[in-house]
Amino acid sequence: MIKLVSDTIDRQDINALVEWLQQDPIPRLTKGDLTKQLEEKWAKKIGTKYSVFVNSGSSSILLTLAALKESGRLKNNKIVVPALSWATDVSSPMLLGYDIIMCDCNLSDLSCDLKALEKIFQQENPATLILVSPLGLVPNMLDVTNLCAKYDVTLLEDVCESMGSKYQQQYLGSFGLVSFFSMYFGHHLSTIEGGFINTDDEDLYHLLLMIRSHGWDRDLPKEKQKELREQHNCTDFDALYNFYVPGMNLRSTDLQAFIGLRAIDKLDRYSRIRRDNFHFYMNSLTTNQLDLIERNGDYVSSFAIPIIHPQRKNIIRDLQDEGVEVRPLIAGNMANKPMWKGSKVGLENCELIEAQGFYVPNHQDLTTQEIKIIVNIINQYKNENRNIIYK
């Protein structure tokens, strides 16, 4: 079988973990000092001041949107979410009572179609945008950030599928107010389950720490704890169970942080392999309706290879017959899912992806011979729409 993903936790990691677990005394397994070390290492890697380690990439979205509501800094309740995204990009704002506006994708890097996005900004005046960078592809971050600045929209980056990708030599996840990363099995790096929130905003960082852990102040710097306790006339003893904001428990563990500290050191090597595979695919595929490129100065740390083809059904059958794992192109059009009750207007590109889109494997253990098998299957089917011009 040619697997869609390959585990990034290797035998050396397991051996090191076992040795760590066998220490005497037994190391702390719940969130502790290793989690803090991991957060500092990840923030430095991406180029932000702060990072918060949580139990999943999806939790990073939920926690951030809850913190933004609690902060009172949003000008209104409206949020723009790409129709080509993941379930929790949509369900998290749904559960928190945001007013969601779906945006169509483009067909060059699969992020938001900028003409459609500006039209939404003009007509709806939203407070927030979740920009998803699908499958390691790199949006035009200059145009996106300029649009957000022009229309006073808070930019949130979902980089769960694009860890290691760069726009003009700057990591995705360092452009918005907040960014989200996933450390789930099969993503660029893994801590079994886990995720990060990155930001440069100190006040928001402190709020994220509190909401992550029930709403108490235990994870805050000492001076911030003192300020809150004085403000609310709270003794140090009562502060043990005092809750300053509505909170949740979205913490991860030091066991996962131990794995994560080793994982970060692998990112550059894995990203290079994924990028090389991406170039090989792009130079070999002749019938993919998508013309995906890497701009000068960008770096595509490819998660998987997206395909649009009118012969999708036949290609998927042939791939599966050869033992190749294949999936729908993310989730197609999120506006077509049963959970969505809102508008489906103006999502033509996502409709095309829903009907003809799928993606094929790319990971750090994929061989050139395996890529050739995949490419040969796809290329045997002609595509009369191969040379259409995309917006």
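The values are calculated or read from the model by the stated rules, or taken from the named source; none is laboratory data. Nothing here was measured: the structure is a model prediction, and the numbers come from that model. Methodologically, a virtual Cβ is constructed for each residue, glycine included, from the backbone with ideal geometry; neighbour enumeration extends over all protein chains shown. Each accessible area value is taken on the protein alone, full model and side chains, heavy atoms only, with ligands, DNA and RNA left out. Shrake-Rupley method; radii C 1.70, N 1.55, O 1.52, S 1.80 Å.
Note down the relative contact order for region 12-89 as a percent, whole number, built from C-alpha pairs under 8 angstrom at least six residues apart. Numbers along the way, then the final one.
Details: 22 pairs, mean separation 14.0, N = 78.
The normalised contact order for region 12-89 reaches 18 percent.
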> How compact and how long is region 70-185, expressed as Rg and Dmax of its alpha-carbon atoms in Å?
Replying inline: 13.2, 40
>> Along the Cα→Cβ direction, 7 angstrom out, place labels at ASN249 and ASN77. What is the inter-label distance in nm?
In response: 3.0
>> Sort 378-385, 307-314 by packing, meaning the average of other beta carbons within 10 Å per residue, with the highest value first.
In response: 307-314, 378-385
> For region 99-121 and region 1-42, what is the separation of their Cα centres, given in Å?
Replying inline: 38
>> Kirkwood hydrodynamic radius, region 275-370, all distinct C-alpha pairs: what's the number in Å?
In response: 14.9
>> Whole-Hz ³J(HN,Hα) for each residue in region 138-146, computed from phi via Karplus 6.51 cos²θ - 1.76 cosθ + 1.60 with θ = phi - 60°, x for glycine and proline: what do you get?
In response: 10, x, 7, 5, 5, 5, 5, 5, 5
> Over all pairs of distinct alpha carbons, what does the Kirkwood formula give as the hydrodynamic radius of region 150-289, in Å?
Replying inline: 17.9
> Put +1 on the Cβ of every Lys and Arg and -1 on every Asp and Glu Cβ in region 12-136; which of ILE26, TRP86, LEU96 then has its Cα farthest towards the positive end of the dipole?
Replying inline: LEU96
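Multiplying the sequence separation of GLU19 and GLU351 by 0.36 nm and subtracting their Cα-Cα distance, what value in nm do you get? Each step should come with its number before you reach the end.
Values: separation 332, 0.36 × 332 = 119.52 nm, distance 5.08 nm.
Net length gain for the segment: 114.4 nm.
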>> Per DSSP helix of 4 or more residues, -39500 (n - 2.57); summed, then divided by the residues of the chain. What does that give at 222 nm, rounded to the nearest 500?
In response: -12000 deg cm²/dmol
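May I ask what percent, to the nearest 5, of DSSP beta bridges between residues of region 136-260 are antiparallel? The partial results should precede the final answer.
Details: 8 of 11 bridges.
That works out to approximately 75 percent antiparallel.
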> How big is the charge dipole of region 15-164 about its Cα centre, in debye rounded to the nearest 20, if each Lys and Arg gets +1 on its Cβ and each Asp and Glu gets -1 on its Cβ?
Replying inline: 420
>> For region 23-92, take N as its residue count and report Rg(C-alpha) divided by 2.2 N^0.38 Å.
In response: 1.46
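Give me the mean projected area, in nm² to one decimal, of the convex hull enclosing the Cα positions of region 202-349. Walk me through the numbers before you get to the answer.
Working: hull surface 63.0 nm².
If I average the Cα hull's projected area over directions, I get 15.8 nm².
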>> Using a 1.4 Å probe on the protein heavy atoms, what percent of the accessible area of the chain belongs to carbon and sulfur?
In response: 49
> To the nearest Å, what is the center-to-center distance of region 210-224 and region 243-282, using C-alpha atoms only?
Replying inline: 24
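Taking a ≥ b ≥ c as the square roots of the eigenvalues of the Cα gyration tensor of region 56-114, is the shape rounded (a/c under 1.5), prolate (a/b larger than b/c) or oblate?
Details: a/c = 2.30, a/b = 1.59, b/c = 1.45.
Judged from the Cα gyration tensor, region 56-114 comes out prolate (a/c at least 1.5, a/b above b/c).
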>> Using all alpha carbons of the chain, what is the percent of pairwise distances in each 10 Å bin, ordered from the shortest bin to the longest?
In response: 5, 23, 31, 25, 12, 4, 1, 0
> Per residue, what accessible area does the chain have, given a 1.4 Å probe and all protein chains present, in Å²?
Replying inline: 44
>> Multiplying the sequence separation of ASP321 and LYS337 by 0.36 nm and subtracting their Cα-Cα distance, what value in nm do you get?
In response: 3.0 nm
> When the Karplus curve 6.51 cos²θ - 1.76 cosθ + 1.60 is applied with θ = phi - 60°, which whole-Hz ³J(HN,Hα) does each residue of region 84-89 get, with x for Gly and Pro?
Replying inline: 8, 7, 10, 3, 7, 5
>> Residue by residue through region 210-220, what is 3J(HN,Hα) from phi via Karplus (6.51 cos²θ - 1.76 cosθ + 1.60, θ = phi - 60°)? Round to whole Hz and write x for glycine and proline.
In response: 5, 5, 4, 10, 6, x, 8, 10, 4, 8, 7
>> Among GLN37, GLY47, ALA67, which residue has its Cα furthest toward the positive end of the charge dipole of region 31-140, with +1 on Lys/Arg Cβ and -1 on Asp/Glu Cβ?
In response: GLN37
> Can you work out the base-10 log of I(q)/I(0) for region 124-227 at q = 0.13 1/Å, using the Debye formula on its C-alpha atoms alone?
Replying inline: -0.57
> In vacuo Debye scattering of region 1-128, one point per C-alpha: log10 I(q)/I(0) at q = 0.12, 0.14 Å⁻¹?
Replying inline: -0.72, -0.89
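Taking all pairs of different Cα atoms in region 321-391, averaging 1/r and flipping that mean, what Kirkwood radius in angstroms comes out?
Values: mean 1/r = 0.0679 Å⁻¹.
By the Kirkwood definition, the hydrodynamic radius is 14.7 Å.
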> Size of region 131-179 along its principal axes in angstrom, Cα-based, largest extent first?
Replying inline: 28, 18, 15
> So what's the angle, to the nearest 10 degrees on a 0 to 90 scale, between helix 11-21 and the longest Cα principal axis of the chain?
Replying inline: 10
